[in-house]
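Engineer: The structure that follows is given in the form of structure tokens.
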DNA sequence: AAATATACCTGACTGC
DNA sequence: TGCAGTCAGGTATATT
């Protein structure tokens, strides 16, 4: 599923191929994403030069003079380079044709993603309430400790709350809690400073390593070149219910928190 | 104010 | 073989 590492992998893969190029046209085959794709998107983008691809949390920002194209991959989305004339597959919802070379093809079976235009990305409402970037300086043990005071919820949904820290979804929350040795159902307010330190370090480590390995591909994700990631080979907890813990050998257990499956080792995360 | 539930959507899988 | 039901999950929005 596209969490921060998958979005960053896409950004890095696409940037060298599209920055500096102009949009020739936009072809929308299916506009029913999370929100409707703007019906004048082709008119807005045509002729504009892509200056940069940025990222905020799990949002990609294609920056142009005078605005930005916001792209979210949802749960099953991917954005990749395709050769002109390459066969269109089911769920290839949008093509962004460039002035030369391959085109950008947006594919999203579950259509939980989004493609929006904004003239003012800095003040867009989608970004207004987002917490700090997990790989940035602001996300520190002190920050997490302060943010966790008075919170009665379980720590796993707390870490998945984008207002606390962006980019951490179900897979990496499970992995970070395993690495930090913290039980996913632990009450957030009871976290000690030492545990906040371990959690910040674990989140940074698991996200960084996943980016290096090109993200996690469970089913749908492919990078900007259409290739899967391979961090799924490095997962310690996620999806390993009943299998032995890689640290102590105990069977990995699962429980549901906030309607989401959570995987943990009952001994290492006791 | 924070916590929880709901809606959106398709494909893979399970059980009858 | 088919069909109904369940689950997966990011995040905005509604409800408690």
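The values are calculated or read from the model by the stated rules, or taken from the named source; none is laboratory data. In this text, all values refer to a predicted model and were calculated from it rather than measured experimentally. Here the Cβ is made from the backbone with ideal geometry for all residues, glycine too, and neighbour counts use every protein chain on show.
Engineer: Check the range A:242-249 and report whether any residue there is surrounded by 20 or more Cβ atoms within 10 Å (Cβ to Cβ) and within 18 Å of residue A:3 (Cα to Cα).
Structural biologist: So far as the range A:242-249 goes, no, none of its residues is surrounded by 20 or more Cβ atoms within 10 Å (Cβ to Cβ) and within 18 Å of residue A:3 (Cα to Cα).
Engineer: If a residue has to be out of contact with any helix residue (DSSP H, G or I) (no Cβ under 7 Å at 6 or more places or on another chain) and outside any loop (DSSP other than H, G, I, E, B) to count, how many in the range A:210-223 make the cut? Let's see the steps before the verdict.
Structural biologist: Filtering the range A:210-223 for residues out of contact with any helix residue (DSSP H, G or I) (no Cβ under 7 Å at 6 or more places or on another chain) gives A:212, A:219-220, A:222.
Now drop any that are not outside any loop (DSSP other than H, G, I, E, B), which leaves A:212.
Residues flagged as out of contact with any helix residue (DSSP H, G or I) (no Cβ under 7 Å at 6 or more places or on another chain) and outside any loop (DSSP other than H, G, I, E, B) within the range A:210-223 amount to 1.
Engineer: Then there is this: Mind checking which residues of the range A:127-165 are touching a strand residue (DSSP E or B) at 6+ places or on another chain (Cβ under 7 Å) and over 14 Å from residue A:189 (Cα atoms)?
Structural biologist: From the range A:127-165, those touching a strand residue (DSSP E or B) at 6+ places or on another chain (Cβ under 7 Å) are A:127, A:130, A:152, A:154, A:156-157; that's our starting set.
Of everything in the range A:127-165, those that are touching a strand residue (DSSP E or B) at 6+ places or on another chain (Cβ under 7 Å) and over 14 Å from residue A:189 (Cα atoms) turn out to be A:127, A:130.
Engineer: Also, I was wondering about something else. Please indicate, with yes or no, whether at least one residue in the range A:221-230 is within 16 Å of DNA strand B (Cβ to nearest atom) and in contact (Cβ under 8 Å) with a residue 40 or more places away in the chain. It would help to see each step written out before you state the result.
Structural biologist: Initial filter on the range A:221-230 (within 16 Å of DNA strand B (Cβ to nearest atom)): A:221-222, A:228.
Now restrict to residues that are in contact (Cβ under 8 Å) with a residue 40 or more places away in the chain: A:221-222.
Within the range A:221-230, one or more residues are within 16 Å of DNA strand B (Cβ to nearest atom) and in contact (Cβ under 8 Å) with a residue 40 or more places away in the chain.
Engineer: Assess whether residue A:14 counts as being outside any helix (DSSP H, G or I), surrounded by 17 or more Cβ atoms within 10 Å (Cβ to Cβ) and outside the structural domain of residue A:160 (by TED's automatic domain parsing).
Structural biologist: no
Engineer: Sticking with this structure for a sec: Inside the range A:239-270, can you point out the residues that are assigned to a loop (DSSP other than H, G, I, E, B), in contact with a helix residue (DSSP H, G or I) (Cβ under 7 Å, 6 or more places away or on another chain) and modelled with pLDDT under 90?
Structural biologist: A:258 - this is the single residue of the range A:239-270 that is assigned to a loop (DSSP other than H, G, I, E, B), in contact with a helix residue (DSSP H, G or I) (Cβ under 7 Å, 6 or more places away or on another chain) and modelled with pLDDT under 90.
Engineer: Here's a follow-up. Please go through the range A:72-88 and pick out each residue that is touching a helix residue (DSSP H, G or I) at 6+ places or on another chain (Cβ under 9 Å) and within 11 Å of DNA strand C (Cβ to nearest atom).
Structural biologist: Across the range A:72-88, the qualifying residues are A:72, A:73.
Engineer: Now for a different question. How about the range A:89-113: which of its residues are within 11 Å of DNA strand C (Cβ to nearest atom) and in contact with a strand residue (DSSP E or B) (Cβ under 7 Å, 6 or more places away or on another chain)?
Structural biologist: Passing the criteria: A:108, A:111, A:113.
Engineer: Can you tell me which residue is surrounded by the most Cβ atoms within 10 Å (Cβ to Cβ) among those in the range A:224-237 that are at pLDDT below 90 and in a loop (DSSP other than H, G, I, E, B)?
Structural biologist: A:229
Engineer: Right, next: Are any residues in the range A:118-137 outside any loop (DSSP other than H, G, I, E, B) and touching a helix residue (DSSP H, G or I) at 6+ places or on another chain (Cβ under 9 Å), and if so, which ones?
Structural biologist: Taking the range A:118-137 and keeping what is outside any loop (DSSP other than H, G, I, E, B), we get A:118, A:121-123, A:125-128.
Residues satisfying the conditions are A:118, A:121, A:127.
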